[in-house]
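Peer 1: Structure incoming, see below.
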Amino acid sequence: MRDLIISPHVDDEVLGCGGILGPESHVYLCGIDESGFRADKDPTPVEERRRELAAAASFLGFSFEVHEGSRINHYTEQEFINPLEDVINRVCPERLFLPHPGYNQDHRTIHRAALVALRPHDRNFFVRKVLVYEAAHDVIWSPASMNLTCFVPIDIERKIQAYLLHGSQVRGMRSPETLRHIAAVRGAACNADYAEAFEILRWVEA
């Protein structure tokens, strides 16, 4: 696999990296549970979220695995260090994408755990290219918190179609229109119609 994407929750993979996800991508989902934030206030069953994930994966062509047993909104750094080391050693990616810590507690926890798992170590696979992806909520709430230095032109309609397959997770603050606006601004920064932007944490030429 060329790319490994670390996704704290189901749908973060599409929101942050939907434009680059494809057959050479593997997504590691850190957890999945019922979501109680739909407009009708009823929780979204786990199996429905799994079906949505599988649909998005099939549409974009990426493979995935789900870490079982961790409670969303209650992640701890220690419980994820070894599993993240394990998936890095199995996948041996050329590039690894991890979430921006931002204000979400799970994103912060997974970001910190990934930094430990990615440390130079003679017993672990060394990932030469490590990037941080942004989330719509971080763009809206704290737009100056990332140093965006890598831009990838994308097909925004493809990304939005994949996002809509996560139907139970579509929200007003990360609406398709919001995703399109963000991608247009990132595209303007790299002379493209639409793009995704990343912060480079490590970039070692082969």
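Peer 1: Work from the charge dipole of the chain (Cβ charges, +1 for Lys and Arg, -1 for Asp and Glu, about the Cα centre) and give the residue of ALA183, ALA206, TYR133 farthest towards its positive end.
Peer 2: ALA206
Peer 1: Restricting everything to alpha-carbon atoms, can you work out Rg to Rh for region 3-203 with a Kirkwood hydrodynamic radius?
Peer 2: 0.94
Peer 1: For the charge dipole of region 13-159, defined by +1 on Lys and Arg C-beta atoms and -1 on Asp and Glu C-beta atoms about the Cα centroid, which residue among LEU29, PHE97, PHE62 has the Cα displaced farthest towards the positive pole?
Peer 2: My answer, from the dipole projection, is PHE97.
Peer 1: Treating the beta-carbon of each Lys and Arg as +1 and of each Asp and Glu as -1, no other charges, what is the dipole magnitude of region 151-195 about its Cα centre, to the nearest 20 debye? All intermediate terms of the calculation are to be shown ahead of the outcome.
Peer 2: Numbers: 6 positive and 4 negative charges, 35 e Å.
That gives a dipole near 160 debye.
Peer 1: Separation between the GLN161 and GLU47 pseudo-spin-labels, each 7 Å from Cα along Cα→Cβ, expressed in nm?
Peer 2: With each label point 7 Å from Cα toward Cβ, the separation is 2.9 nm.
Peer 1: Could you compute the net charge surrounding GLY102? Neighbours are other residues with a C-beta less than 14 Å from the C-beta of GLY102; K and R count +1, D and E count -1.
Peer 2: -2
Peer 1: So, one more: Mind sorting ASP106, ASP155, ASP33 by how few other Cβ atoms lie within 10 Å of their own Cβ, fewest first? Mind showing how you got there, number by number?
Peer 2: Working: ASP106 21, ASP155 13, ASP33 17.
Least to most surrounded, the residues fall as ASP155, ASP33, ASP106.
Peer 1: Next up: Under a crude label model (7 Å from the Cα following the beta-carbon direction), how far is ARG180 from ARG90 in nanometres?
Peer 2: The modelled label-to-label distance comes out at 3.9 nm.
Peer 1: Hey, fewest Cβ within 10 Å first, where do GLU47, GLU134, GLU196 land in order?
Peer 2: Working: GLU47 10, GLU134 23, GLU196 26.
Listed from fewest to most nearby Cβ atoms, that is GLU47, GLU134, GLU196.
Peer 1: Another question, if that's okay. Sort ARG112, ARG186, ARG119 so that the residue with the fewest other Cβ atoms within 10 Å of its own Cβ comes first and the one with the most comes last.
Peer 2: ARG119, ARG112, ARG186
Peer 1: According to the square roots a ≥ b ≥ c of the eigenvalues of the Cα gyration tensor, what is the shape class of region 116-206, taking rounded for a/c under 1.5, prolate for a/b larger than b/c otherwise, and oblate for the remainder?
Peer 2: prolate
Peer 1: Evaluate the charge dipole of the chain about its Cα centre and quote only its size in Debye, nearest 20, assuming +1 on the Cβ of each Lys and Arg and -1 on the Cβ of each Asp and Glu.
Peer 2: Result for the chain is approximately 340 debye, rounded to the nearest 20.
Peer 1: Report the net charge of residues surrounding PRO8, where surrounding means a beta-carbon distance below 11 angstrom and charges are Lys +1, Arg +1, Asp -1, Glu -1.
Peer 2: Local charge sum for PRO8: -3.
Peer 1: Sticking with this structure for a sec: Note down the net charge around MET146, summing +1 for each Lys or Arg and -1 for each Asp or Glu among other residues with Cβ under 9 Å from its Cβ.
Peer 2: With Lys, Arg at +1 and Asp, Glu at -1, the net is -3.
Laboratory data are not the source of any read-out in this text; all were calculated from the coordinates shown. Being a predicted model, the structure only gives us computed values, none of them experimental. For neighbour counting, all protein chains shown are included, and Cβ atoms are generated from backbone atoms with ideal geometry for every residue, glycine included.
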